[in-house]
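First the structure, in the form of structure tokens, and then the observations on it.
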Amino acid sequence: MASTSCSVGGEVAGETGLALAKSSLPPPRPKSPPPYPDLYGKRREAARVQMLEREIGFLEGEIKFVEGLQPSSRCCKELSDFVVANSDPMIPAQRKSRRHCRFWKWLCFPCLSVASFCCCCRPECSCHLRKPKCCNSTCCSCVGSKCCNGSCCSNSCCCPKPSCPKCLSCPSCSCFLGCCCSCPDLCCCIPTCFRSCSRPSCLNKKSSCCSCNCKIKWSSCFKCPKLRLCCCFCNCKNTCSNPCCLAF
Amino acid sequence: MSVSELKERHAVATETVNSLRDKLRQRRLQLLDTDVAKYSAAQGRSPVKFGATDLVCCRTLLGHTGKVYSLDWTPERNRIVSASQDGRLIVWNALTSQKTHAIKLPCAWVMTCAFSPNGQTVACGGLDSVCSIFSLSSTADKDGTVPVSRTLSGHRGYVSCCQYVPNEDAHLITSSGDQTCVLWDVTTGLKTSVFGGEFQSGHTGDVLSVSISGSNPNWFISGSCDTTACLWDTRAASRAVRTFHGHEGDVNTVKFFPDGYRFGTGSDDGTCRLYDLRTGHQLQVYHQAHGDGENLPVTSIAFSASGRLLFAGYANNNTCYVWDTLLGEVVLDLGELQDSHKNRISCLGMSADGSALCTGSWDSNLKIWAFGGHRRVT
């Protein structure tokens with residue numbers, strides 16, 4: 001076997017050979033294996049780069065496509081025209097007085113008892129349906145975070161705008177109306193998850209508190225829906241009573 | 001090229017992709033000169049008004065002993081198939097409430113079910129990562145077990161949703177927790193096309209829902225945990241035709257608008273959104289804040305026949321808002337009507353002719369809702 005440069009007792013032994021001390025040879029200290037090229041890792045990296053460069057091409061094409069697009073008002077008009085032009089069996093329409101339940105009309109029958117429900121296709125039916133919720137009074141002041149919206153108290157969140165301080169628990173405000181505070185960069189997660197852990201709303205995905213540290217480890221019976229949301233536990237040897245705690 | 005050079009190229013490419021995405025987002029924002037609600041209000045559209053007894057629960061389908069997760073109507077003949085945590089598929093006659101089939105599933109953890117266009121087979125999928133096909137003409141044994149006529153296996157994650165291609169009993173599309181959608185040939189049990197995946201341009205999170213266009217069955221929409229919806233053309237699986245951004249949470253449900261050129265979505269961020277297929281514009285956001293200020297995830301949606309109404313089930317007790325899609329307002333809450341569900345509404349489906357809505361709930365029941373009022377001259 002051809003000799004390679006290797007270290008035996010700290011000395012190089014070549015083909016010519018070297019005289020070695022007869023006594024007190026140090027124990028062998030094998031070197032780490034030579035750094036072979038990580039072909040698999042390189043190929044994966046090359047594939048990822050290729051994907052990104054392809055994505056760049058697609059995005060450039062998409063930007064050119066968007067340049068020639070019609071504004072959203074045209075789409076809104078098309079949609080509105082379609083809706084108005086088509087009849088809808090589920091909508092109370094303004095037409096001549098006639099019963100119109102289509103083939104479901106035979107399901108409608110008069111109330112047989114107070115306890116029974118009925119389909120009010122007939123005028124003598126009186127269905128005891130609860131009225132939709134609404135404020136009865138014209139609200140002039142709103143309690144807490146609710147705002148006035150005409151004659152009703154809106155459920156919109158009207159909390160002040162300034163940026164949120166660091167929070168340990170998730171803020172309850174949402175930002176869709178632009179009036180609420182948000183913590184886009186802050187991790188507002190429950191640090192450890194238990195069986196009934198709720199989904200952390202953390203946007204900072206790098207934060208460690210976005211993962212569930214399950215007390216009971218998942219033994220890979222199934223991959224749970226939205227796995228990152230909850231701690232699923234299942235012992236494959238036994239029938240799972242509830243393999244996926246949140247979605248199910 | 002060395003690994004370090006590749007990594008450098010990767011970093012540069014990532015930077016370029018992010019910059020282009022931002023530029024694209026800005027360009028799109030400039031084109032959003034209005035939304036559907038503002039446009040309709042400017043046009044003077046009258047609001048939809050429901051009387052107290054206009055929309056009623058006409059039927060309650062009793063039989064499941066666990067949470068109902070999914071339902072689907074036949075295109076004709078008014079039958080419904082439902083899937084439940086009790087590990088069974090039940091086929092119902094929606095008019096009589098009778099059960100015509102109760103199929104015990106080999107894997108109880110079912111998440112989705114679908115009727116074939118001819119109504120002769122049903123498909124289901126779930127945590128076992130396969131889509132199972134059952135023929136309704138097969139004979140069940142004494143336990144109610146019907147033999148699986150075909151197993152579509154190949155996904156590497158749970159099957160979250162399945163739908164047959166309209167008018168094609170031999171093809172269906174599944175979505176999966178493995179971040180892909182697959183078009184299957186049911187006859188052979190083989191994959192025809194895979195949409196997305198590790199080295200293809202597609203979703204980067206679990207795919208939770210699919211909806212196939214009724215007017216152009218080559219198109220379908222998928223919704224994913226990566227907060228986006230994607231439009232796919234089954235003839236070109238290499239990448240999504242368009243990706244729709246906007247949501248801030250998992251997109252749990254997607255459904256085509258009746259005209260076939262728009263679609264709706266429902267998300268964990270508590271909003272439903274309406275998008276235009278051809279332009280990619282986000283046309284409307286439907287959001288109703290709740291009393292405690294938290295966003296209630298949207299679990300399922302359905303459009304009425306004209307598209308004027310959007311039914312949306314939420315992940316709380318039994319809320320099911322009926323949205324006026326043109327004016328962007330909630331006009332009714334099915335959860336507040338008499339005989340409403342007692343628990344979360346997990347699935348919705350409109351009958352083929354648009355005259356009845358079926359809801360499935362964690363209370364183990366299904367309910368059918370129809371218009372029961374008069375149509376008056378005002």
Sole residue being buried (at least 20 other Cβ atoms within 10 Å of the Cβ), within 7 Å of chain A (Cβ to nearest Cβ) and among the hydrophobic types (A, V, I, L, M, F, W, C), chosen from B:PHE311, B:PHE371
B:PHE371
Residues being closer than 13 Å to A:MET51 by Cα and either surrounded by fewer than 16 Cβ atoms within 10 Å (Cβ to Cβ) or at pLDDT 95 or above (or both): count how many of those fall in the range B:191-202.
2
Which residue pairs have Cβ atoms under 8 Å apart, sit 6 or more places apart or on different chains, and have a first residue in the range B:176-200 that is in a strand (DSSP E or B) and a second that is acidic (Asp, Glu)?
B:SER176/B:ASP206; B:LYS191/B:ASP185; B:THR192/B:ASP185
Across the range B:53-74, what is the number of residues that are of a type in the set (Phe, Trp, Tyr) and over 23 Å from the mean Cα position of the chain (by Cα)?
0
Matching residues in the range B:217-230 - criterion: being at pLDDT 95 or above and more than 21 Å from B:GLY157 (Cα to Cα)
B:ASN218, B:TRP219
Do we find a residue being at the interface with another protein chain (Cβ under 8 Å from one of its Cβ atoms), on the phi < 0 side of the Ramachandran plot, in a loop (DSSP other than H, G, I, E, B) and at pLDDT below 85 anywhere in the range A:63-79?
no
So if I check each of B:GLY205, B:GLY214, which one is surrounded by fewer than 24 Cβ atoms within 10 Å (Cβ to Cβ), in contact with a Cys (Cβ under 8 Å, 6 or more places away or on another chain) and assigned to a loop (DSSP other than H, G, I, E, B)?
B:GLY205
Filter the range B:235-253 for residues that are in contact with a strand residue (DSSP E or B) (Cβ under 8 Å, 6 or more places away or on another chain) and part of a strand (DSSP E or B); the one that is nearest to B:GLN284 (Cα to Cα) is B:PHE244
Checking B:THR139 against (1) closer than 13 Å to B:ILE173 by Cα; (2) outside any strand (DSSP E or B); (3) not basic (Lys, Arg): exactly one of these is not met. Which one?
(1)
Selection within the range B:335-372 - under 25 Å from B:LEU283 (Cα atoms) and over 17 Å from the mean Cα position of the chain (by Cα)
none
So, first residue more than 21 Å from A:ILE91 (Cα to Cα) in the range B:338-357, second residue of a type in the set (Asp, Glu) and surrounded by fewer than 22 Cβ atoms within 10 Å (Cβ to Cβ), Cβ within less than 6 Å, six or more apart or across chains; the pairs are B:HIS341/B:ASP363; B:LYS342/B:ASP363; B:ASN343/B:ASP363
Could you give me the residue pairs with C-beta distances under 9 Å whose first residue belongs to the range A:63-78 and is crowded, with 17+ Cβ neighbours inside 10 Å, whose second residue is small (Gly, Ala, Ser) and not in a helix (DSSP H, G or I) wherever it lies, and which are 6+ apart or on separate chains?
A:VAL66/B:GLY280; A:LEU69/B:GLY280
Report yes if B:SER129 is buried (at least 22 other Cβ atoms within 10 Å of the Cβ) and either at pLDDT 95 or above or hydroxyl-bearing (Ser, Thr, Tyr) (or both), otherwise no.
no
Filter the range B:142-169 for residues that are under 20 Å from B:GLY87 (Cβ atoms), of a type in the set (Val, Ile, Thr) and not in a strand (DSSP E or B) and give the result.
B:VAL146, B:VAL148
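The values are calculated or read from the model by the stated rules, or taken from the named source; none is laboratory data. This is a predicted model, so every value here is computed, not measured. All Cβ positions, glycine included, derive from the backbone under ideal geometry; neighbour counts span all protein chains shown.
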